[in-house]
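The values are calculated or read from the model by the stated rules, or taken from the named source; none is laboratory data. This structure is a prediction, so every number in the text was calculated from the model and none was measured. Neighbour counts run over all protein chains shown; Cβ positions are idealised from the backbone, glycine included.
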Amino acid sequence: MPSAYQIDKQDGIYFLTSTIVDWVDLFIRDNYKQIVADSLNYCIKNLGLEVYAYVIMTSHMHMIAGAKHNNLSNIPGRMHRHTSLELINEMKQCRESRIDWVLPIFREAGLKNPRNNNYQVWQQHNHAEEVYSRKFMLSKILYIHNNPVEAGFVSRAEDYLYSSAVDYSGSKRPVNVTLIELHSLFY
């Protein structure tokens with residue numbers, strides 16, 4: 001059984017949850033979600049990240065991932081640092097209407113954290129759970145894909161753009177997902 005929500009096995013596959021500080025609904029705009037998708041693709045291409053399933057919700061992101069180079073614990077932190085800078089810059093450039101209350105939340109969180117110099121957009125942990133069985137993998141993929149349905153954003157999982165449910169339904173969307181044969185997970 002996996003240990004206390006951390007990446008212990010660098011060559012393992014994990015269910016990860018990354019959450020925005022104070023659960024701020026930052027990702028209500030597609031341009032912010034695209035920044036995260038682009039960063040995931042960079043990590044896939046350049047750092048060996050393998051994403052098997054993901055969803056970007058308004059205040060958090062879930063994914064099932066592994067790493068080709070046995071460096072999984074390094075990748076989320078790098079992605080969080082990069083996307084934090086990009087998201088703050090995008091908020092300032094596009095004149096985000098919520099900037100007057102969102103930036104102070106991120107600034108306060110950054111000041112409380114000695115590892116930050118300025119703003120903190122993501123919570124420190126990524127609630128890692130090792131994928132230890134096919135049954136667990138399938139349950140987490142279904143959970144990830146049904147998140148937007150449960151939230152009432154769409155009636156069918158494959159209709160939500162920033163989710164691998166689209167990829168598993170036969171189309172290709174923003175993140176270069178490594179598909180798993182779902183049928184094999186039933187047996």
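Overview of values
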read-out	value
Contacts under 6 angstrom Cβ, first residue in segment 94-117 being free of Cβ contacts under 8 Å to residues at least 40 places away in the same chain, partner in a helix (DSSP H, G or I) and hydrophobic (A, V, I, L, M, F, W, C), 6 or more apart	99/91
Residue satisfying all of: in segment 6-39; surrounded by 15 or more Cβ atoms within 10 Å (Cβ to Cβ) and among the aromatic types (Phe, Trp, Tyr); nearest to residue 146 (Cα to Cα) among these	15
So residue 149, is it more than 20 Å from residue 24 (Cβ to Cβ) and assigned to a helix (DSSP H, G or I)	yes
Yes/no for residue 42 being buried (at least 21 other Cβ atoms within 10 Å of the Cβ) and among the aromatic types (Phe, Trp, Tyr)	no
Unique match (being under 15 Å from the mean Cα position of the chain (by Cα) and either crowded, with 18+ Cβ neighbours inside 10 Å or touching a residue at least 40 places away in the same chain (Cβ under 8 Å) (or both)) among 91, 63	63
Complete set of residues in segment 37-94 that are touching a Leu at 6+ places or on another chain (Cβ under 6 Å), part of a helix (DSSP H, G or I) and either modelled with pLDDT under 95 or under 21 Å from residue 132 (Cα atoms) (or both)	75
One residue from 68, 9 being more than 14 Å from residue 122 (Cβ to Cβ), free of Cβ contacts under 8 Å to residues at least 40 places away in the same chain and touching an Asp or Glu at 6+ places or on another chain (Cβ under 8 Å)	68
